[in-house]
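Below: the structure, in structure tokens.
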Amino acid sequence: MTSPAHSVLPDPQVCEEARRSRDARFDGLFFVAVTSTRIYCRPMCPAPSPKPRNVVYYPNAAAAESAGFRPCLRCRPELAPGDGTWRRGDETVARALKLIDQGALAERPLAELAQSLGLGERQLRRLFNERLGASPVGVHATRRLLFAKQLLTETRLPITQVALAAGYGSLTRFNTTFRDAYRMAPRDLRKRDAAARDEGLSLRLGYRPPYDFDAMLDFLRGRALPGVEHVDDESYMRVIGTPAAPGWLRVSRADARAGEHALSLELHGAAPGELLGIVQRLRRMFDLDADPQAIAAALSRDARLRPLLRKRPGLRLPSGWDGFEIAVRAIIGQQVSVAAARTLTARLAQRFGHALEGAATTGFPTPLTHLFPTPDALADADATEIGLTRARAQAVRTVSRALLDGSVDFRSERVLEDFVSRWVALPGIGPWTANYMALRALGHPDAFPAEDLVLQKAVPVDGSRLSAKALTARAEAWRPWRGYAVIHLWRESMLAPAKQS
């Protein structure tokens, strides 16, 4: 039994115990490669356990595939959640992985990715090989192939559209690459799994347990915009796309299957080339790549947070579908209740958003009627007519124009301090608003709105209130997971809905 790239793997004995017990908490944190079969698996694979001498542990699927192993057709490594330790925060590898997830290497060379991170190409390759055991290009290639494998297995999309959805410009290239990597043609995999596919486009989104989906829905339900979103006890729905090509999606609990931890995505009206981006957005929105064990280990050192983590071990960061939408919500929600902010933002969506109508919207669920307004639609809008104060209406226009001219953005490679500093330079945007946007638009694990009155009152247990400065000092020990502390404290406090939008 060997373990390449030990620095990014759990302790080898932990890997061995997790493999033997099929512990789903380690799903996606390492993969089990079997030298006798040249196949790699998730740690909770139901197949008979291989002999230890035939096992090699890899930190990610790309490292296993780079070493010549093929994904298991039984446990399906494409369903494993990502390693949130590497894909979250401001470390260089995390920023690079977020950009790769967004398709940075689909049409641009590695040199441009390295330049955007302030590194040389050789330096970036060396960093990936040291930390992940695979090159950036290898990570990108594995990501595309595994997504294609999921589409082939779970949907009825034509193979040409599967190739397009996975980022291949040529069907011939896709067939060749898939056959070389997995020793079978795409059509052969589809024939093998034909009986398992459902009608329509439905995908599973894996996570590592525990996961508190009820708490996620509860948070989103309190902030759902009528017409744009709808949340019930079982699912989240929203309108997506453009006025010319609207669509909609539903995220719900997946059907119970032995040993599987996943949400179910039902998708309508999305073009094949948009599928991977939609899946990545939803993984961020529902925080599906988080590692609860790592987060709890760091935050449980604080006596105030320890009981909260024990009470709700599956609590995740609930971010939003669109950065601009979250920015507008944050502006409107300054110093007002959640209910008031929701009412005003819904009015804004109804007044300035695009109303769905015509044959293109046939089949839309009744609650979904509008696309949220774009920056173009709000750049010159007079939002005072829906009840906003002049100052907030001006802030909405200012943010819309700043996004259009590139003064601010929601780019994944920005570190938290850079993101916050750019936003607070705009009139009407303070530290609370900027950090709230980082938390809910980017899903940044360390975003921390220290000016939040609920947090200032929630941390002390004697009824007192901390200043923003004192709260920031107290939270220094919570890095790099301060955002999760925020969610736990908001959830715990009965006053939380009154102050957050």
Once phi is turned into θ = phi - 60°, what whole-Hz ³J(HN,Hα) does the Karplus curve with 6.51, -1.76 and 1.60 give for every residue of the stretch 408-424, x standing for Gly and Pro?
10, 6, 10, 5, 5, 7, 6, 6, 4, 4, 5, 4, 5, 5, 5, 6, 6
In sequence order, what are the phi-derived ³J(HN,Hα) couplings for the stretch 377-384 according to the Karplus relation 6.51 cos²θ - 1.76 cosθ + 1.60 with θ = phi - 60°, rounded to whole Hz, with x for glycine and proline?
6, 9, 4, 10, 6, 9, 7, 5
Protein accessible area in the chain, 1.4 Å probe - carbon and sulfur %
51 percent
Going by accessible area, probe 1.4 Å, with all protein chains left in place, what is the ranking of S412, S21, largest first?
S21, S412
If amide hydrogens are placed 1.01 Å from N in the peptide plane, which non-local residues have theirs closer than 5 Å to the one on H370?
V228, L356
Lys, Arg +1 and Asp, Glu -1 on Cβ, resulting dipole of the chain about Cα centre, debye, nearest 20:
1060 debye
To the nearest 0.05, what FRET efficiency results for S467 and A67 with a Förster distance of 45 Å applied to their C-beta separation?
0.25
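How much accessible area per residue does the chain have, in Å², with a 1.4 Å probe?
41 Å²
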As a test of the definition: which semi-axes, in Å, follow for the stretch 280-434 when you take the square root of five times each eigenvalue of its alpha carbon gyration tensor? Largest first, please.
31, 22, 16
Among P226, Q293, P246 the positive-end extreme of the charge dipole of the stretch 216-335 (Cβ point charges)
Q293
In sequence order, calculated HN-Hα J values of the stretch 72-81 (Karplus, 6.51, -1.76, 1.60; Hz; x Gly/Pro):
5, 7, 8, 8, 6, x, 5, 8, 5, x
For the chain, averaging the sequence separation of alpha carbon pairs under 8 Å that lie six or more residues apart and dividing by its residue count, the contact order in percent is 13 percent
Which label in (1) 89, 80, 40; (2) 73, 56, 42; (3) 68, 57, 46 gives the computed Cα extents along the principal axes in Å:
(3)
Exposure rank, largest accessible area first [I159, I487; 1.4 Å]:
I159, I487
Sorted by chain and then number, the residues having a modelled amide H within less than 5 Å of the amide H of A262, at least 5 places away or on another chain, are Y207, A254
Computed helical MRE - 222 nm, the chain, DSSP H runs ≥ 4 contributing -39500 (n - 2.57), nearest 500:
-13000 deg cm²/dmol
Interchain or long-range residues, amide H under 5 Å from I39's placed H
V34, R70
Local net charge near P71, Cβ-Cβ under 9 Å (Lys/Arg +1, Asp/Glu -1):
+1
Most packed first (mean Cβ within 10 Å per residue), the peptides 301-314, 70-83, 384-397 order as 70-83, 384-397, 301-314
Which whole-number percent is the relative contact order of the stretch 254-371 (Cα, under 8 Å, 6+ apart)?
17 percent
Taking Lys and Arg as +1 and Asp and Glu as -1, residues besides S407 with C-beta under 11 Å from its C-beta add up to 0
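The values are calculated or read from the model by the stated rules, or taken from the named source; none is laboratory data. Just so it is clear, the structure is predicted and the values come from calculations on it, not from any experiment. FYI the Cβ positions are ideal-geometry reconstructions off the backbone, even for glycines, and counts take in every protein chain you see. We work out accessible area using only protein heavy atoms, side chains counted, and drop any ligands, DNA or RNA first. Shrake-Rupley method; radii C 1.70, N 1.55, O 1.52, S 1.80 Å.
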